[in-house]
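Written out below as structure tokens is the structure these notes cover.
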Amino acid sequence: MKTNWIKRRKTKTIFVGDVPVGGDNPISVQSMTNTLTKNVKETLNQINKISEAGGDIVRVSCPDEE
């Protein structure tokens, strides 16, 4: 089985919080919550589950002030 068929382009390193993205860093795993943000308890629960599953970055949408 051929395992080196993916060629990565050279990119700059940026940081999302303390997670380095790009450059020679390993590929980071990211996901996004799908809860209503106003349901803080469930949103935090989902963030924790993503983190426990190995997610490096969790995106959360806040479409309004509520």
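What is the sum of charges around Val19, taking Lys and Arg as +1, Asp and Glu as -1, for the other residues whose C-beta is under 14 Å from the C-beta of Val19?
Once positives and negatives cancel, what remains is -1.
Take each of the peptides 15-26, 43-54, average the number of other beta-carbon atoms within 10 Å over its residues, and list them starting from the highest.
43-54, 15-26
For the range 36-45, in order, what is each residue's ³J(HN,Hα) by Karplus, 6.51 cos²θ - 1.76 cosθ + 1.60 with θ = phi - 60°, in whole Hz (x at glycine and Pro)?
Ordered by residue, 3J(HN,Hα) equals 6, 4, 5, 8, 4, 4, 5, 5, 5, 4 Hz.
Starting from the alpha-carbon convex hull of the chain, give the projected area averaged over all orientations, in nm².
Averaged projected hull area, Cα only: 6.6 nm².
Work out from phi, with θ = phi - 60° and the Karplus expression 6.51 cos²θ - 1.76 cosθ + 1.60, the ³J(HN,Hα) of each residue of the range 6-21, listed in order in whole Hz, and give x for Gly and Pro.
Each residue of the range 6-21 in turn: 8, 10, 8, 6, 6, 10, 7, 7, 10, 10, 10, x, 9, 9, x, 10 Hz.
Hey, what do the phi angles of the range 57-62 turn into as Karplus ³J(HN,Hα) couplings, whole Hz, using 6.51/-1.76/1.60 and θ = phi - 60°, x for Gly and Pro?
Result, ordered by residue: 10, 10, 9, 10, 8, 10 Hz.
In the chain, what percent of the accessible surface is made up of carbon and sulfur (1.4 Å probe, ligands and nucleic acids excluded)?
Of all accessible area on the chain, carbon and sulfur atoms account for 53 percent.
Using a Förster distance of 22 Å, how high is the FRET efficiency between Ile27 and Cys62, based on the Cβ-Cβ distance and rounded to 0.05? Mind showing how you got there, number by number?
Values: r = 26 Å, r/R0 = 1.20.
Calculated value: 0.25.
Positive end of the dipole of the chain, charges at C-beta (+1 Lys, Arg; -1 Asp, Glu), about the Cα centre: which of Ala53, Trp5, Ile27 has its Cα farthest in that direction?
Trp5
Is there a quick way to get the dipole size of the chain? I mean about its Cα centre, with the Cβ of Lys and Arg at +1 and of Asp and Glu at -1; what is the value in debye to the nearest 20?
620 debye
The values are calculated or read from the model by the stated rules, or taken from the named source; none is laboratory data. Because the structure is predicted, anything quoted here is derived from the model rather than measured. A quick note on method: Cβ atoms are made from the backbone with ideal geometry, for glycine too, and the neighbour counts reach across all protein chains shown. Note: accessible area is taken over every heavy atom of the protein model, side chains too, but ligands, DNA and RNA are not part of it. Shrake-Rupley method; radii C 1.70, N 1.55, O 1.52, S 1.80 Å.
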